[in-house]
1. Within segment 137-164, can you find the residues that are in contact (Cβ under 8 Å) with a residue 60 or more places away in the chain, hydrophobic (A, V, I, L, M, F, W, C) and not in a loop (DSSP other than H, G, I, E, B)?
2. Take segment 262-287 and flag every residue that is near ligand 2 (Cβ under 10 Å from one of its atoms), open to solvent by 10 Å² or more (accessible area, probe 1.4 Å) and touching a Lys or Arg at 6+ places or on another chain (Cβ under 9 Å).
3. In segment 10-60, how many residues are open to solvent by 50 Å² or more (accessible area, probe 1.4 Å), within 19 Å of ALA123 (Cα to Cα) and not in a strand (DSSP E or B)?
4. For segment 220-238, name all the residues that are more than 16 Å from ligand 3 (Cβ to nearest atom), surrounded by 24 or more Cβ atoms within 10 Å (Cβ to Cβ) and either outside the structural domain of VAL476 (by TED's automatic domain parsing) or over 15 Å from ALA189 (Cα atoms) (or both).
5. For segment 367-394, give me each residue that is of a type in the set (Val, Ile, Thr) and in a helix (DSSP H, G or I).
6. For segment 188-218, enumerate the residues that are surrounded by 22 or more Cβ atoms within 10 Å (Cβ to Cβ) and over 28 Å from ARG295 (Cβ atoms).
7. Which residues, taken from segment 278-304, are within 14 Å of ligand 3 (Cβ to nearest atom) and within 21 Å of LEU198 (Cα to Cα)?
8. So, in segment 247-277, of the ones that are more than 17 Å from the chain's Cα centre (by Cα) and in a strand (DSSP E or B), which residue ends up nearest to ligand 3 (Cβ to nearest atom)?
Amino acid sequence: MPEISFIKPALPKTGAILLPMTEGAALAGLAAALDEAAGGAVSRALEAAQFKGRKGQSVTIWAPVAGITKCVALGLGKAETLDADAAEQAGGPIWPALSAEASAMVAADVLDAALVARLASGAMLRSWRFDRYRTTMKAEDKPKLGKLAFAAGNAAAARAAFAPLKAVAEGVFITRELVAEPPNVLTPAEMAERCKPLEKLGVGVEILGPKEMKKLGFGALLGVAQGSVNEPRMVVMRWNGSGKKKSQPICFIGKGVTFDTGGISIKPAGGMEDMKWDMAGAGTVIGLMAALAGRRAKCDVVGLVGLVENMPGGNAQRPGDVVTTASGQTVEVINTDAEGRLVLADVIHYAITKHDPKWMVDLATLTGAIIIALGHEHAGLFANNDDLARNIEAAGRATGELCWRMPLGDSYDKQIKSDIADMKNVGGRPGGSITAAQFIQRFVQGRPWAHLDIAGTAWSAKDLPVSAKGATAYGVRLLDRLVADHEEG
Ligand code: BES
Ligand code: MN
Ligand code: ZN
């Protein structure tokens, strides 16, 4: 990841220069100075390439003046629609445009400081990559750029505006790394260990093992875990940023299945490796806690993650087993592959009884059915509270982490009636994501609650504006924004 700095406007003698330009804007400031130094080569090239500054449009002019390797004009779209959020998305492509350079500067001197900070945030978010397990990759195939400077009219203001954005990006990187790690490395115990560094940010971290969870009556979570030699964990992370002695926190709860084979209801082999990221809900909660603490959010938040591995084995849970959840409600396990809801049931019950949340959001790569319904463009949003749902939808639009509200209702709830227990863990193929949400709703005790099914958005097979292909950390920026807009007033 490059080190990002904000500097006073001055033309560099060497390296690459990127010109972020709104639609129809004339070359101004440093861009005009560069054009002049190049004897008009920049304006001639932009004219010849019919560069209009449309969003995502870009033109590269190689070596416009001696010492400068290239100049890239990057379109930001219409000035009227370039708000802070649009600038962040527009800033993403800055990184691939410059990453192969030894040094580079973004000439953002004519833009408002808040927009410059957001451009920088977009570029930083896009720069993340994971090379830990590559030992033979040649240096020239990796990004060279170690430092990226943004020239700003008011560099100090841009620097100050960037500080909280950087903290959020660092939270995003924690999530992406957890999601990208292979499942032999990232066991439940290892994932819990990786929460400990959050203590340095002021987050209280408490790790519970199988003994403690047994005492708490976590029959559903432990049932999922029992087929694996890798013990389960629950991690409770607490950030007290309100300064109040006594307050009702908000809770974020994440599904952390470090690998989902399906258990005895085993999944087909093709694509099963994707189930290493079945812990993305938990990874998102961990990165979110780091983001909130990193920017010293003025609110009280508890993040809880249930970490298990779902494996077949001599002691694995069977289809037909009945387990007793921490809430006392019993569940007939029809399909051991519907394990995420079992994990969430116990962790959510714990969140409510121990932390008395004002409202709560759970995140889970819960169902393949949500991908059939919404593809990879929106996460599924379920809620028992319209205000909370609206706020989440708005935060999603603002951050580009989109979600789409799905229905809940008694008639769907009937699909999970069991002949032997209080409920069964699957409701059949129709409305598979909805019946999964109905299952979770049975454990929220009527509290304001929302559920994000992120099975389609946690991982991307293609590059996105602020995320290279792979782990996206969907949800970190959305929920950070939700907190910023509604809990820190
Ligand atoms: N982790 C999966 C859901 C999933 C599927 C996430 C594809 C990401 C990509 C979940 O545990 C699961 O297996 N769900 C089953 C539920 C079914 C058995 C009712 C599914 O979606 O098939
Ligand atoms: Mn499963
Ligand atoms: Zn799963």
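The values are calculated or read from the model by the stated rules, or taken from the named source; none is laboratory data. Quick caveat, the model's predicted, so the values are computed rather than measured. Cβ coordinates were reconstructed from backbone atoms using ideal geometry, including for glycine residues, and neighbour counts include every protein chain displayed. These accessible areas exclude ligands, DNA and RNA; they are computed on the full protein's heavy atoms, side chains included. Shrake-Rupley method; radii C 1.70, N 1.55, O 1.52, S 1.80 Å.
1. LEU148, ALA149, PHE150, ALA151, ALA155, ALA156, ALA158, PHE162, ALA163 - these are the residues of segment 137-164 that are in contact (Cβ under 8 Å) with a residue 60 or more places away in the chain, hydrophobic (A, V, I, L, M, F, W, C) and not in a loop (DSSP other than H, G, I, E, B).
2. Scanning segment 262-287 gives a single hit, MET275.
3. Adding up the residues that qualify gives 3.
4. Scanning segment 220-238 gives a single hit, MET237.
5. Those that are of a type in the set (Val, Ile, Thr) and in a helix (DSSP H, G or I): ILE370, ILE371, ILE372, ILE392.
6. Residues satisfying the conditions are PRO188, MET213, PHE218.
7. Scanning segment 278-304 gives MET279, ALA280, GLY281, ALA282, GLY283.
8. In this case the residue turns out to be ASP260.
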